[in-house]
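No value in this document is a laboratory result; all are computed from the given coordinates. Keep in mind it's a predicted model, so treat the numbers as computed, not measured. Methodologically, a virtual Cβ is constructed for each residue, glycine included, from the backbone with ideal geometry; neighbour enumeration extends over all protein chains shown.
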Amino acid sequence: MDLGKDLLLDMYRSMTRIRLFETKVRDLATANEIPGFVHVSIGEEASATGVCAALRKTDRITSTHRGHSHLIAKGGRLDRMMAELFGKRTGYCKGKGGSMHIVDFSLGILGANGIVGAGLPIATGSALAAVIAGTEDVTACFFGDGASNEGTFHESLNLAAVWKLPVVFVCENNGFGEFTPMRTVTSVKDIAVRAKAYDIPGHIVDGNDVLEVYRYASEAVARARAGEGPTLLECKTYRWEGHVVGEQAFLGAASYRTEQEVNEWKARCPLIRFDKFAAESGKISVTDLQRIKQETEVELEAAIKFARESPLPDASEVTEDVFT
Amino acid sequence: MAVTTYIQAINQALAEEMARDPLTFVMGEDVVLSAFGATKGLIDKFGPTRVRNTPIAEAGFVGAAVGAAMAGTRPICEVEFASFFYCAFDQVCNQAAKLRYMSGGQARMPITFRCVYGAMGGAAAQHSETVYAQFLSVAGLKLVVPSNPSDMKGLLKSAIRDDNPVIVFEHGALGGHREEIPAGEHLVPLGKAAVKRVGEHVTVVAIGAMVPRALKVADRLAKENISVEVVDPRTLIPLDEDTILSSVEKTNRAVVFDEGHLRGGAATDIAALIGEKGFDFLDGPVRRVTTLDVPIPFSPPLEKAALANEARLEAAIRELVGR
Ligand SMILES: Cc1ncc(C[n+]2csc(CCOP(=O)(O)OP(=O)(O)O)c2C)c(N)n1
């Protein structure tokens, strides 16, 4: 697959936006400027980016508690995301949702979700809606390895397979659910093999290689759009940070992984991988990459300023958007 | 007497009951490392057969607790945040709650479910809910809502020994609360309310984390000679109707203070009880101070506006006593 320069730069921009946003969010949450539970995706930029690059604007996604990366990759605005994280009225959900619940319908983002596994049936239903409405839109469903042990995973794959729904199930396997190593609570080494049980294609993908993710995702999206049904992609990746920002306060001296393991995965950084590819390909110059990084830094600073300066919601807004 | 936190009280109760009965065991997500600390160290004392990390599969492991209980063991099953019970509703409400009755008494169901409920600041709607009301009309369950470390220890131990399914609701904001707990064997029976403060003018029935807040309001109002009696039901099923009603018989006024929602909630249930069985004692309407009927919002000012709070309790009391 020969990828054009614009697409490559878009993917680089997406990964850069995720990396810089998440790093800043981690720091702001650590400094208590962002309240609540915050889960970041540093190290997992390529899976979100490669999948969303294969989607068109009207395609939809469902996301998870660790959802910032998916939203950014689908085109989410950093300023409105940051404002939501700050609990401001200008945030995507007017401050009602927060980090785990960001939604932007105009971009096909049906939402992050605080309930593990909840996105799977919702994505399946979103794909069903495309069939009923006849739109040919595809839905990509992000979830973790942990979520693949929920009943909703199995029920959704079966349903989507039986009805040949246009959905791509994307498991971001980062090796852990909270502090529990995946292998201690999961009967299979590779989540992708579970596709066999539902007679749909399942692929193991290097989740830190954005180009490989893009290739597999494109194929799965094309299949879905052609009415051939769902695909399960398992992107092998790793989260560099804790499960939740500030987890050391819970854990104390206890740990659930070695520093060596974390460092091994840092060496497989999706952005460094891309830099190397760019240098070798000859298509992209270092100045292109630097420019994108600088533009993103400016965008992010503006987003933080916007979030800080935006007003908090008024107490009277508490009963809006619900029947009481 | 030793000073103990709410979380440590849970840990002690679990360790003592597990030592007492080899057929007890603990399972749930991340119970080995223990995110909140309640099950910390149990793995070292009791080993991996009796302290089990589960997959993230609530319907599966909650259902497995039902089967294990029916087959003669005494599971203690942790569901992290109370909202995750929704993922296992059938197993709790159709299976655990009903099977003893439906089997004509053949099935024993000695399961203790533990979960963290309530708002703890910015956790948003799916991690902040007070969900015991959802179980109030499911016959067959017992519901326990401890408001302090000492009750937590004593009630949890009783829950574990009970042959019915019991859900113990731990408020997420109480984890660090500390107080002295009686040394030695400390049991608090299910179905016995506690009068946490004696007063004359108004009864406040406060539930769970609302109890320490009601006591604060009572302290403040005492300076104006408004005398508030605070009753902590401690268990919602069974409910100690006698203690609540005799308090209202004395004070002639009642407010129910609960972090749950108003519609179909625990406060509504208790207010109905007082209205029906305590009608002759009352000088005014029973007031309910609860969380608004909205999902708990994320943003701090909205969250504050949604939740039951001390200011609203105080206003309700003042209205009833006319001061
Ligand atoms: C139904 C449900 N159960 C448990 C949790 C608590 N929880 C939040 S994230 C998480 C781990 C999820 O693991 P995984 O799906 O692999 O995603 P990751 O966090 O690794 O990205 C758990 C157990 C939850 N939010 N919802």
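Counting only residues at least eight positions apart within a chain, or on another chain, the aspartates and glutamates with an alpha carbon under 15 Å from that of B:K45 are B:E16, B:E17, B:D21.
About the centre of its Cα atoms, chain B shows a dipole size close to 220 debye [charges on the beta carbon of Lys, Arg (+1) and Asp, Glu (-1) only; nearest 20 debye].
Quick one: compute the contact order of chain B, relative version, from alpha carbon pairs under 8 angstrom and 6+ residues apart, as a percent. Can you show the working numbers first?
On the way: 721 pairs, mean separation 51.5, N = 323.
Relative contact order for chain B comes out at 16 percent.
Please report, to two decimal places, log10 I(q)/I(0) for region B:194-321 at q = 0.14, 0.17, 0.22 Å⁻¹ as given by the Debye formula with identical point scatterers on the Cα atoms and no solvent. Debye curve over Cα of region B:194-321, log10 I(q)/I(0) at q = 0.14, 0.17, 0.22 Å⁻¹: -0.54, -0.79, -1.30. Going from the fewest other Cβ atoms within 10 Å to the most, the residues B:F25, A:F21 appear in the order B:F25, A:F21. Per the Cα gyration tensor, region A:178-248 maps to an equivalent ellipsoid with semi-axes of 27, 16, 10 Å, ordered largest to smallest. Computed from backbone phi with θ = phi - 60° and the Karplus coefficients 6.51, -1.76 and 1.60, the 3J(HN,Hα) list for region B:226-239 is 9, 9, 9, 9, 10, 10, 10, x, 6, 10, 8, 9, x, 9 Hz; x is used for glycine and proline.
Here the 3J(HN,Hα) profile of region A:234-244, calculated from phi with Karplus coefficients 6.51, -1.76 and 1.60 at θ = phi - 60°, is 10, 8, 7, 8, 7, 9, 6, 8, x, 4, 10 Hz, Gly and Pro shown as x.
Note on region B:81-112 and region B:298-323: Cα centroid distance 35 Å, given to the nearest whole angstrom. The alpha carbons of region A:59-154 occupy a box of 36, 32, 20 Å along the principal axes, longest dimension given first. For the options B:G184, B:G154, B:G41, a Gaussian network treatment of chain B with springs between C-alpha atoms closer than 10 Å singles out B:G184 as fluctuating the most.
Report the percentage of all Cα-Cα pairs in region A:117-238 whose separation exceeds 21 Å, rounded to a whole percent. Numbers along the way, then the final one.
On the way: 2350 of 7381 pairs.
So the portion of pairs separated by more than 21 Å is 32 percent.
Given R₀ = 25 Å, what would the calculated FRET efficiency be for A:K276 paired with A:T30, taking r from the Cβ atoms and rounding to 0.05? Between A:K276 and A:T30 the formula returns 0.20. Per-residue Cβ neighbour counts within 10 Å put A:Y12, A:Y92, A:Y198 in the sequence A:Y198, A:Y12, A:Y92, beginning with the fewest.
Put +1 on the Cβ of each Lys and Arg and -1 on the Cβ of each Asp and Glu in the protein assembly as shown; which of A:V298, B:F46, A:S41 then has its Cα farthest toward the positive end of the dipole? The residue sitting most towards the positive pole is B:F46.
Indicate, rounded to the nearest 5 percent, the antiparallel portion of the DSSP beta bridges found entirely in region B:2-181.
15 percent
So what is the diffusion coefficient of chain B in µm² per second by Stokes-Einstein at 37 °C and 0.692 mPa s, using a Kirkwood Rh over Cα pairs?
On the way: Rh = 20.0 Å.
D = 164 µm²/s.
Legend: Rg and Dmax of region B:1-73, from Cα coordinates, 12.8, 40 Å. Taking the helices alone, chain A has a mean residue ellipticity at 222 nm of -13500 deg cm²/dmol, built from -39,500 (n - 2.57) per DSSP H run of at least 4 residues and averaged over all its residues. Taking every Cα-Cα distance in region B:2-181 and sorting them into 5 Å bins from zero, the calculated P(r) comes out as 1, 9, 18, 23, 22, 16, 7, 3, 0, 0 percent. Rounded to the nearest 500, the 222 nm mean residue ellipticity of chain B from helices alone is -10500 deg cm²/dmol, with -39,500 (n - 2.57) taken per DSSP H run of at least 4 residues.
Before anything else, pin down the relative contact order of chain A: Cα pairs under 8 Å, at least 6 apart, normalised by residue count, whole percent.
Numbers: 629 pairs, mean separation 74.3, N = 324.
So the answer I get is 23 percent.
Dipole check for region B:194-321: with +1 at the C-beta of Lys and Arg, -1 at the C-beta of Asp and Glu, and the Cα centre as origin, the magnitude is about 400 Debye.
From most to least packed by mean Cβ count within 10 Å, the peptides A:37-45, B:272-280 give A:37-45, B:272-280. Placing unit charges on the Cβ atoms only, positive for Lys and Arg and negative for Asp and Glu, gives the protein assembly as shown a dipole magnitude near 180 debye about its Cα centre. Scanning chain A for long hydrophobic helices, with DSSP H runs required to stretch 30 angstrom or more by C-alpha along their axis and to average at least -0.5 on the Kyte-Doolittle scale, returns A:5-30.
Direction-averaged projected area, Cα convex hull, the protein assembly as shown: 30.2 nm², rounded to one decimal. Annotation: the antiparallel percentage among DSSP beta bridges lying fully within the protein assembly as shown is about 20.
Where in region B:306-323 is the amide nitrogen less than 19 Å from a point lying 7 Å along the Cα-to-Cβ axis of B:S227? It comes to B:317-323, nothing else.
Within region A:91-228, antiparallel bridges make up roughly 35 percent of the DSSP beta bridges whose residues both belong there. Reducing region A:182-197 and region B:1-80 to their Cα centroids gives an inter-centroid distance of 26 Å. Put the Cα centre of region B:159-190 next to the Cα centre of region A:25-96 and the gap is 39 Å.
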